[in-house]
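Structure first, commentary second.
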Amino acid sequence: MLKCIVISTPGAQFSALAIKENFKDSIKRVAELGYDAVELHIRDPLGIDVDEIRNLLSHYRLAVPTIGTGQAYGEEGLSFADPDPGIRQKTVQRIKDQMDLASNLGIPRVTIGLVRAR
């Protein structure tokens, strides 16, 4: 079993409760604290530097068991249950983008949280 903690990637308006440093420092801190893995909470995967993330994870030997999607709801209001069909379509596209990122980085899953609706 992996010891894992949540951090937010660049571009997020809020960060996880436990580690509130900038992204690079958060990754370093997670490794220093002895964690094996980090759950990445990503608002928009199209706005992040995939190579930077890949290099940092490799350098600090951290696995990523999942990508969290809650920030898309919290910051942008994206939801599968929104009455506006345009918002629902944006939500579907965002999750597809999250899945593409997960595939690109070898992350086994995307956690569908708040975007599924309250």
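Annotations for the structure displayed:
- Accessible surface area normalised per residue over the range 1-114 is 55 Å², counting heavy atoms of protein chains with a 1.4 Å rolling probe.
- The coefficient of translational diffusion for the chain, derived via Stokes-Einstein from the alpha carbon Kirkwood radius under 10 °C and 1.306 mPa s, stands at 110 µm²/s.
- Our estimate of slack between ALA81 and GLU21, defined as 0.36 nm per intervening residue step minus the Cα-Cα distance, is 18.3 nm.
- Local electrostatic count at TYR60 - Lys and Arg +1, Asp and Glu -1, tallied over other residues with Cβ under 11 Å: +2
- Summary value for the chain: 25 percent relative contact order, contacts being C-alpha pairs under 8 angstrom separated by 6+ residues.
- Cα-based convex hull volume of the range 65-109 per residue, rounded to whole Å³: 61
- Across the range 23-39, the residues whose backbone nitrogen lies under 16 Å from the label position 7 Å along the beta-carbon direction of LYS3 are 27-39.
The values are calculated or read from the model by the stated rules, or taken from the named source; none is laboratory data. Keep in mind that this is a model prediction, so the values were computed, not measured. Please note: Cβ atoms are built from the backbone with ideal geometry, for glycine as well, and neighbour counts cover all protein chains shown. Calculation scope for accessible area: heavy atoms of the full protein, side chains included, ligands and nucleic acids excluded. Shrake-Rupley method; radii C 1.70, N 1.55, O 1.52, S 1.80 Å.
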